[in-house]
1. Exactly one condition in (1) out of contact with any strand residue (DSSP E or B) (no Cβ under 9 Å at 6 or more places or on another chain); (2) under 25 Å from A85 (Cα atoms); (3) surrounded by fewer than 22 Cβ atoms within 10 Å (Cβ to Cβ) is false for H249; which is it?
2. Which pairs turn up if I take residues in segment 257-275 that are within 18 Å of P39 (Cβ to Cβ) and look for partners that are assigned to a helix (DSSP H, G or I) with beta carbon separation below 8 Å, at least 6 apart in sequence or on another chain?
3. Sort out which residues of segment 172-201 are open to solvent by less than 40 Å² (accessible area, probe 1.4 Å) and assigned to a strand (DSSP E or B), and write them in order of number.
4. I'd like the full set of residues that are hydrophobic (A, V, I, L, M, F, W, C) and in contact with a Ser or Thr (Cβ under 7 Å, 6 or more places away or on another chain), limited to segment 123-180.
5. Identify the residue in segment 102-137 that is of a type in the set (S, T, N, Q) and open to solvent by 60 Å² or more (accessible area, probe 1.4 Å) and, among all such residues, is farthest from I167 (Cα to Cα).
6. Looking at segment 86-96, can you tell me whether even one residue there is surrounded by fewer than 15 Cβ atoms within 10 Å (Cβ to Cβ) and either assigned to a loop (DSSP other than H, G, I, E, B) or at pLDDT 95 or above (or both)?
7. Among what's in segment 226-248 and is more than 25 Å from the chain's Cα centre (by Cα) and part of a loop (DSSP other than H, G, I, E, B), pick the residue that is farthest from V34 (Cα to Cα).
8. Would you tally the residues in segment 202-225 being part of a strand (DSSP E or B), crowded, with 19+ Cβ neighbours inside 10 Å and of a type in the set (A, V, I, L, M)?
Amino acid sequence: MTAPELASASPDGFGRMYRRSFQEPPTVPSITTVIAQQPVELDGWRSYMAAKHIADHPELRDVASDPSRMRRLVRTAVDASETYARSAAERGDRVHSYAEQLALQALGRPHRLEETLQALREHGEEGFARSVDHWWQAFGVEPVAAELTVWNHSLGYAGTLDLVAKINGRICLVDYKTKGTSRDGRVKALDNKVAMQLVAGMKAEESLVDAEAGAWEPWAHGEDPLLIAVAVGETEHAAVRVNPEVRRHHWSTFCQLRRVWGARVEAASAGRTLLPLAPPPVPAAASRPAAGGPVPDFPVDGVPVPGPPGPELPVPDLPLSGHATPGH
């Protein structure tokens with residue numbers, strides 16, 4: 001079956017899709033782009049990483065008494081959180097590549113397993129490969145597809161499933177998350193958002209068969225696969241499954257976030273949002289008078305402006321409540 005063709009515009013390779021017709025290609029977000037519409041508070045983490053950068057810096061003692069050098073050190077700490085985030089993302093890519101090649105080897109397809117393992121070794125990250133191996137062996141993983149591209153035409157999104165596999169005879173959708181290690185040597189816990197990512201993958205309508213030919217097929221992995229997330233750490237792995245009772249809630253949230261993404265795209269394409277504004281022109285008759293000069297008598301919003309006060313007039317003797325005012 002021929003379905004939309006993909007082009008790589010977004011970070012995970014799903015910026016545009018082409019419909020079966022030859023119309024203008026509509027913009028389609030990836031699963032991770034949709035989920036990213038949900039705000040994530042990272043200020044605490046960023047502040048911690050910046051402070052840690054200074055605390056661990058070898059020049060801290062030398063620059064403590066030199067204000068100019070200390071300012072330079074602080075400036076390097078400002079970018080520390082971005083550096084750590086980028087390093088973590090690159091490490092995650094290396095671990096995912098290794099897991100993908102492990103699946104390709106098990107499927108009897110061409111693979112680069114040793115190459116991806118060597119890349120982890122060069123960065124001192126071989127422990128993550130061991131954790132993937134332990135998960136694979138402990139669960140008796142039988143791969144069906146690795147890095148499977150899927151899309152949903154009805155809602156309009158695309159994504160990649162890390163692994164489709166059979167475990168104990170049941171079809172499972174698997175997502176790997178590379179995680180750090182806590183002080184007690186345990187892999188850190190997964191975020192609940194992984195459930196939304198897996199549910200969105202489960203709701204796929206088609207999956208890619210041949211990228212070069214643009215060949216797709218209907219989603220073939222059922223309405224009720226087991227959804228598994230695996231936290232891959234340097235010392236161990238930890239697998240969790242998505243509670244079937246909460247799937248519909250995460251799907252509903254994902255659908256709402258997809259609408260938010262669509263609304264933002266429409267707003268961005270509607271035209272310039274903020275336009276320059278100059279003060280209104282001042283009418284000639286409304287020119288400000290010179291200091292000490294007469295106040296002009298022109299209406300403001302239809303109400304006449306009173307002129308300067310005249311001479312004070314005597315107060316007449318008027319009766320109060322029907323009684324004459326006594327004379328003097």
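1. (2)
2. Close Cβ pairs satisfying both conditions: L257/V34; L257/I35; R258/V34; W261/T33; W261/V34.
3. Selection gives C172, L173, V174, D175, Y176, T178, V187.
4. Residues satisfying the conditions are F128, L148, V150, A158.
5. That would be Q118.
6. Checked segment 86-96: at least one residue is surrounded by fewer than 15 Cβ atoms within 10 Å (Cβ to Cβ) and either assigned to a loop (DSSP other than H, G, I, E, B) or at pLDDT 95 or above (or both).
7. Here the answer is T235.
8. Going through segment 202-225 one residue at a time, the tally reaches 1.
The values are calculated or read from the model by the stated rules, or taken from the named source; none is laboratory data. Everything numeric in this text was worked out from a predicted model, so none of it was measured. Because the Cβ atoms are built from the backbone with ideal geometry, glycine has one as well, and the counts that use them run over all protein chains shown. Quick note on the areas: whole protein, heavy atoms, side chains included, nothing else; ligands and nucleic acids left out. Shrake-Rupley method; radii C 1.70, N 1.55, O 1.52, S 1.80 Å.
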